[in-house]
Amino acid sequence: MPKTVFKLSDQPAGDISFNVVPLVDVTVMLVMFFILTTEVASKTYAVLELYRPHQSIAVKVEKGVGDTPNRVIVNILSKDATPSANRQDPTLAAEAKEYQIDGQPIMIGDKETLVRTFRARKADAKSLKFKEEDFSVEIRGDKDVNYMYVAPILRAAAEADIAKMNITALQGAGGV
Amino acid sequence: MAAAPQTPNGQEAVTARSRKARGIKYPKPKFAPNVVPLVDVMFMLLLFFILGTRFRQEEGIIPGTLPAIGGVSSGGPVFEPRMLTLRNSGTGVSYELQGAAVGLSSPEELYLQLASMHKATAGAEVSIIIKPLPSVPWGYVVEAFNQAVRAKFDKIGFAAVE
């Protein structure tokens, strides 16, 4: 019976090598996916929970730096900053934390500052040759915040003689 | 010179040195960069995104032209404004149209109600005033605004909070 001779590897025993190329491929793909789909907070658009109405007729507006000379966007942030699915306390979520215009926080109920800001932005838009009657205020509020925190913005807009008001909402079918 | 290694059976083991001695040529070593730091960084980035991500959602604006009632004004005549009152019912919201409670169980029913109301005006310019009570969540106000615009009301206003 012939004797079997085993050919041993040149490498020392126990030196196992993995092919990590597919692992790196998949990881890079995942990182790219997250980079592209992550919502990044900007000064103009704060991260908050927007509402998606039933058969939403919201019209898409392009976001970008300096894209809002003829409108002022007022963000209304909830005291509960967690995503709506994880919100435990409806009372906390119903309370507004602050308003934000271009990253500038404004205290809740500070109508004077709102009016002053609206007038200043309106004057800026006018100096950039925009029609005064086209200037609009855009309300971008957290869906769980009570209306009592939104109403001062409407009053401030009225005082600043702003004719148009838009409401930010999510697009799509949605509904309660 | 050290003796060549042998197998347990006394034969000469095939090793790199023995191959070299026999003139067997190896293929040139491939370029193999150390990918361990790359994998480390990638995993760190992945972990960061998995834990910190909030998916971007498509948002837009619902355009509104507002009458000179209760809040923001755009001037112009107002013809028989309709009043839609929103009350917080604890689990949701209840609606009142022209002061009368209406049992609406879905936003689609609200839309149909508003659309029939608008149709009844026979093309006259009619405005609607949404009057949410202070404790109504903003989402329901957006819903009412959306359905009013969908029902083709030209001017939509908000009543001031009392």
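Other protein chain C-beta atoms within 10 Å of residue C-beta, averaged over A:103-113: 0.
Pairs of Cα atoms nearer than 8 Å and 6+ residues apart set the relative contact order; for the range A:61-163 it is 37 percent.
Relative to the dominant Cα principal axis of chain A, helix A:111-127 is inclined by about 90°. Averaging the sequence gap over all C-alpha pairs within less than 8 Å and six or more residues apart, then dividing by the number of residues, gives chain A a relative contact order of 31 percent. Which shape class, rounded, prolate or oblate, goes with chain A when its Cα gyration tensor gives a ≥ b ≥ c as root eigenvalues, a/c under 1.5 marks rounded, and past that a/b bigger than b/c marks prolate? Cα axes put chain A in the prolate bin. Simple rule: put +1 on each Lys or Arg Cβ and -1 on each Asp or Glu Cβ in the range B:93-158, find the dipole, and look at B:Gln98, B:His118, B:Asn146; the Cα lying farthest toward the positive end is B:His118.
Taking the range A:124-159 and a reference point 7 angstrom along Cα→Cβ of B:Ser135, the backbone N atoms nearer than 18 Å belong to A:144-151. Connecting C-alpha atoms closer than 10 Å in a GNM of chain A, tell me which of A:Leu48, A:Leu77, A:Leu30 has the biggest fluctuation. So, out of A:Leu48, A:Leu77, A:Leu30, the one fluctuating most is A:Leu30. Inter-chain neighbour count for A:137-149: the average number of beta-carbon atoms from partner chains within 10 Å of each residue's beta-carbon is 5. With semi-axes defined as the square roots of five times the eigenvalues of the C-alpha gyration tensor, the equivalent ellipsoid of the range B:93-158 measures 19, 13, 11 Å, largest first. Sorting B:144-154, A:120-130, B:95-105 by their mean Cβ neighbour count within 10 Å, with the most densely packed peptide first, gives B:144-154, A:120-130, B:95-105.
Values in this text are rule-based calculations from the coordinates and carry no lab data. Given the structure is predicted, the values throughout are model-derived calculations rather than measurements. For neighbour counting, all protein chains shown are included, and Cβ atoms are generated from backbone atoms with ideal geometry for every residue, glycine included.
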